[in-house]
Structure formats: C-alpha cells, structure tokens
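Okay, structure first, notes after.
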Amino acid sequence: MLKIGFIGAGTVATALAVGLSSKGYHVVAVSSRSQTSARKLAQLVNGCQAFSSNQDVADTAELVFIATPDDAIASVAAQVQWHSGHSVVHCSGADSTDILLSARKSGARVGAFHPLQTFASFRQAMENIPGTTFALEAEEPLLGMLKDMATDLGGRWIELGAGGKVIYHAAAVFACNYLVTLVKLATDLWQTFAIPPEQATQALLPLIRGTINNIDTIGIPKCLTGPIARGDAGTIKKHLSALQKVAPDLVATYQELGLKTIPIALKKGRIDQKQASQLKALLKQPIT
Ligand SMILES: NC(=O)c1ccc[n+]([C@@H]2O[C@H](COP(=O)([O-])OP(=O)(O)OC[C@H]3O[C@@H](n4cnc5c(N)ncnc54)[C@H](OP(=O)(O)O)[C@@H]3O)[C@@H](O)[C@H]2O)c1
C-alpha cells in the first residue's frame, strides 16, 4: 500500500492525516519545524512515526504532502532530496505546482491538493471536510490518486491549473475571510446600542445561517432580500445618514457593497432599471 508522509504538522496536515488514515490510507511519517507538533500529529494516527528531519519523511514515504505555510513550501521542497519514486503534493490555494519545480527536476511527480475549506482547528476541520471541494493539479497517475483521496474524504474535486489558481483563492478570501470581516463590522455596529459583542454575534448568527441556507436552497439571485432587493431608496438614505454619524469609516464600504448588490437585485427582478439608477446615484454620492 502507498506510504504517505507529511512535512508540516499544523491544522491542515493533522486533519488530512487523521482523515486519510481513517479511510484506510497508510500515513507513516511526519516531520515539522518543531518535534512537538510532529509528535502530536503522530499520536493521532496509527502507525505514523514522527521524524526530526523532513528528509526522513521523504526517505520513508512515497507520497509526501508539504503542508507548511505557503511561503515555506518552495524552500522546504528544495531542501529535500527527491527521486522518481516520489509524489510531492502541496496544499496551497494560491500557488500552482510551479513552486515544486525542484522536486519535479529530481524526477518526482508533483501535485496540488487544496481543500476549499476553513481549518481553524483540527476538530472543527474533521467536521467540515465532508462535502468540501478539493482543487487538484497533477498529471496521471497522481491525479487519479488525489481524486480518490478527495472522494474518500467525503469531498468533491475540480481540476485547476496555474492560470486559475490565484483568482480561485481570491474568491475564497471573499467568501470566507471577508465574511468574518462583515460579521465583525455588523457586531461592532451593535455596540452603538450597547449590546455586548458576544450577544450581538449570537443574535446575528441565525440571520447568517438563514442567508446561507437560502443561498443553498433558493440560489442567487432569488435569495436576495432587503432594501436593495425591494428598491427601498428611503431606507438606504437613512442607513447612510446614520452611518455617517456613528461609523463614518463604514460609509464607503456600505456604498461599495451596495453597488455590487444592485445587479443581483435587478436579476431577481423586483426592481427595474429606474429604481436601480436611483439606488446607484444614492450609493455613489460622495461622502461629506
Ligand atoms: N488553514 C486553512 O484554512 C487552510 C485551508 C486550505 C488550505 N490551507 C493550506 O494548507 C497549508 C498549511 O496550512 P495550515 O493552516 O495547516 O498551517 P499551520 O496550521 O500554520 O501549520 C503549518 C505547519 O507547518 C510547519 N512548518 C513551518 N515551517 C516549516 C518548515 N520549514 N519545515 C517543516 N514544517 C514547517 C509548522 O510547524 P510547527 O507547528 O512545528 O511550528 C506547522 O506545523 C498551507 O499551504 C495553507 O495555504 C490552509
């Protein structure tokens, strides 16, 4: 059976190692910057040994995941001696397999295996992996292996080459990281009527979950609700003037997002071009 190793023992490595091992894959070796991290991962996976050097992982495993921070992948790959029996795979969302050039030059197969998921902690990652889409880049036969792994982890896969990778990752930042930012902005606005942040976030969460459910079940653009979807220019005007008083630094963000919402509302069909132009004018008004 194929022997799998991990260089880097952080959240993604731990989730993938435990997940793959639970599906019958043979995860045999791990190394990390610190021995503590490597040992911690090894303890969670039957038959996995923690090594102090990345080279030991390459000497033990045939398929090696480099699951370090993105900026370390190329240099980690360059420090290891690879051969034609190796498959070397990174998990970065923004980088293509080009950063594994040193491994490719040594005859190794190279690949990318990016879970389109947020891994904030190991436990939560294990819960979230099923249903996740994995962006894969590799040539056969490695590509087939990576497809099987994604499927065995309960996920789906797409093939994505160097040309699309950076924009694919920027899209993920919009959908994931900036959602966190938006919720934080909304939570902060609740401070103006003196509700503590935790309570504000808890109150906003059912709204966020409802929105996500609607995106899933009804789809965009039909799931869009609110003043822009209804063409309520008066409400938008009130928002802008209130924000101007209590959070002037948010006016530009509110306007920018509003302008991006108008085409969705038009597509939903509850507003016409005239209402859209009226809303646009309001949302383009210079901040005084
Ligand atoms: N987090 C996410 O939501 C997410 C989602 C999809 C893909 N990814 C990708 O997955 C990869 C790993 O991300 P992560 O979130 O798991 O990072 P992480 O939790 O910060 O873990 C990175 C690990 O790499 C180790 N490391 C750093 N430099 C090293 C080196 N020179 N040699 C060996 N090990 C080294 C660290 O070591 P120590 O612990 O020993 O200090 C740490 O265990 C990245 O490419 C990231 O883009 C992340």
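The values are calculated or read from the model by the stated rules, or taken from the named source; none is laboratory data. Bear in mind the structure is a predicted one, so any value in this text is a computation, not a measurement. Neighbour counts are summed over all protein chains in view; Cβ atoms, including those assigned to glycine, are modelled from backbone coordinates with ideal geometry. Ligands, DNA and RNA are excluded from the accessible area calculation, which covers all protein heavy atoms including side chains. Shrake-Rupley method; radii C 1.70, N 1.55, O 1.52, S 1.80 Å.
Quick one: would you say Ile215 is more than 30 Å from Ser37 (Cα to Cα) and touching a Cys at 6+ places or on another chain (Cβ under 7 Å)?
Yes.
Here Pro196 clears all of (1) farther than 28 Å from Val45 by Cβ; (2) within 13 Å of the ligand (Cβ to nearest atom) except the condition numbered (2).
Rundown of residues vs (1) over 17 Å from Gln79 (Cβ atoms); (2) in contact (Cβ under 8 Å) with a residue 40 or more places away in the chain; (3) of a type in the set (Gly, Ala, Ser), yes/no style:
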site: Gly8; (1), (2), (3): no, yes, yes
site: Lys23; (1), (2), (3): yes, yes, no
site: His26; (1), (2), (3): yes, no, no
site: Ala38; (1), (2), (3): no, no, yes
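Scanning the range 222-245 for residues that are open to solvent by less than 90 Å² (accessible area, probe 1.4 Å) and either farther than 15 Å from Leu279 by Cβ or modelled with pLDDT under 95 (or both) yields a total of 5.
The residue pairs whose first member lies in the range 174-199 and is in contact (Cβ under 8 Å) with a residue 24 or more places away in the chain, whose second member is surrounded by 11 or more Cβ atoms within 10 Å (Cβ to Cβ), and whose beta carbons are closer than 7 Å, counting only pairs six or more residues apart or on different chains, are Cys176/Thr118; Val183/Thr201; Val183/Leu204; Val183/Ile208; Leu185/Leu250; Leu189/Ala247; Thr192/Val246.
Quick check: is even one residue across the range 183-200 surrounded by 12 or more Cβ atoms within 10 Å (Cβ to Cβ) and out of contact with any helix residue (DSSP H, G or I) (no Cβ under 9 Å at 6 or more places or on another chain)? No - not one qualifying residue is present in the range 183-200.
Out of curiosity, is Arg156 free of Cβ contacts under 8 Å to residues at least 40 places away in the same chain and crowded, with 20+ Cβ neighbours inside 10 Å?
Here the answer is no, as Arg156 does not meet what is asked.
Considering Gly210, Gly258, the condition of being surrounded by fewer than 17 Cβ atoms within 10 Å (Cβ to Cβ) and under 32 Å from the mean Cα position of the chain (by Cα) is satisfied by Gly210 alone.
Take Gln117 and decide whether it is part of a helix (DSSP H, G or I) and not acidic (Asp, Glu). Spelling it out, it is not the case that Gln117 is part of a helix (DSSP H, G or I) and not acidic (Asp, Glu). If you check Ala150, Ala171 for being touching a Phe, Trp or Tyr at 6+ places or on another chain (Cβ under 8 Å) and in a helix (DSSP H, G or I), only one passes: Ala150.
Are there any helices (runs of 4 or more DSSP H) wholly within the range 1-110 with 2 or more residues that are within 14 Å of the ligand (Cβ to nearest atom) and surrounded by fewer than 23 Cβ atoms within 10 Å (Cβ to Cβ), and if so which?
In the range 1-110, the matching helices (runs of 4 or more DSSP H) lie at 11-22, 35-44, 54-60, 70-79.
Among residues of the range 111-137 being under 20 Å from Glu62 (Cβ atoms) and either out of contact with any Phe, Trp or Tyr (no Cβ under 8 Å at 6 or more places or on another chain) or among the basic types (Lys, Arg) (or both), the one that is nearest to the ligand (Cβ to nearest atom) is Ala112. Does Glu127 satisfy being at pLDDT 95 or above, assigned by TED's automatic domain parsing to the domain that holds Gly85 and either open to solvent by 50 Å² or more (accessible area, probe 1.4 Å) or assigned to a helix (DSSP H, G or I) (or both)? Considered against the rule, which asks whether it is at pLDDT 95 or above, assigned by TED's automatic domain parsing to the domain that holds Gly85 and either open to solvent by 50 Å² or more (accessible area, probe 1.4 Å) or assigned to a helix (DSSP H, G or I) (or both), Glu127 comes out as no. For the range 64-73, indicate whether the set of residues that are in contact with a strand residue (DSSP E or B) (Cβ under 8 Å, 6 or more places away or on another chain) and polar (S, T, N, Q) is non-empty. Yes; the residues of the range 64-73 include at least one that is in contact with a strand residue (DSSP E or B) (Cβ under 8 Å, 6 or more places away or on another chain) and polar (S, T, N, Q).
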